[in-house]
1. Report the gain in length on full extension from residue 77 to residue 110: 0.36 nm times residue separation, minus Cα-Cα distance, nm rounded to one decimal.
2. Could you grab the relative contact order for the chain? Cα pairs under 8 Å, six or more apart, rounded to a whole percent.
3. Taking neighbour Cβ counts within 10 Å as the exposure measure, how do 66, 112, 41 sort from fewest upward?
4. Considering only C-alpha atoms, what is the centroid distance from the range 65-115 to the range 17-53, in Å?
5. How much mean residue ellipticity at 222 nm does the chain get from its helices, if each DSSP H run of length 4 or more adds -39500 (n - 2.57) and you divide by all residues, to the nearest 500 deg cm²/dmol?
6. Compute the distance in nm between two label points, each set 7 Å from the Cα along the Cα-to-Cβ direction, one at residue 36 and one at residue 12.
7. Order of 59, 76, 90 from fewest to most other C-beta atoms within 10 Å?
8. Dividing the Cα convex hull volume of the chain by residue count, how many Å³ per residue is that?
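Bear in mind these aren't lab numbers, they're just calculated from the coordinates by the rules spelled out. Bear in mind the structure is a predicted one, so any value in this text is a computation, not a measurement. Heads up, the Cβs are rebuilt from the backbone with ideal geometry, glycines too, and the neighbour counts pull from every protein chain shown.
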């Protein structure tokens, strides 16, 4: 493990409260953010644009509506959803905000209150 692989954002080791399957998804998100998102951020920051090209990768990971049951959503625990939000923000807050608004505010309102 190199010094770049040390996670300093989980001070209380909540990651170990996740199941192996949940931890695998969290690590897949970490890898995606490092390999697909981080390399394009500086260019988008310089142009004041959003990196929409990373959205298909987020879709493949199944991040939108992760804690909701049914309707094609993941039905996962809120702990995992929070850990993923933290992982997204660790690399870029705008990506975390995009995911939170889309998967939480918008989808959550529809899930709880209907269309």
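1. On the way: separation 33, 0.36 × 33 = 11.88 nm, distance 1.84 nm.
Gain in length upon complete extension: 10.0 nm.
2. This gives 25 percent for the chain.
3. Numbers: 66 23, 112 8, 41 16.
Ascending Cβ contact count within 10 Å gives the list 112, 41, 66.
4. Centre-to-centre (Cα) distance: 15 Å.
5. On the way: 6 runs with 59 residues, N = 115.
About -15000 deg cm²/dmol.
6. 3.1
7. Working: 59 10, 76 21, 90 18.
Sorted ascending by nearby Cβ count, the order is 59, 90, 76.
8. Details: hull volume 13.6 nm³, N = 115.
Considering the Cα atoms of the chain, their hull volume per residue is 118 Å³.
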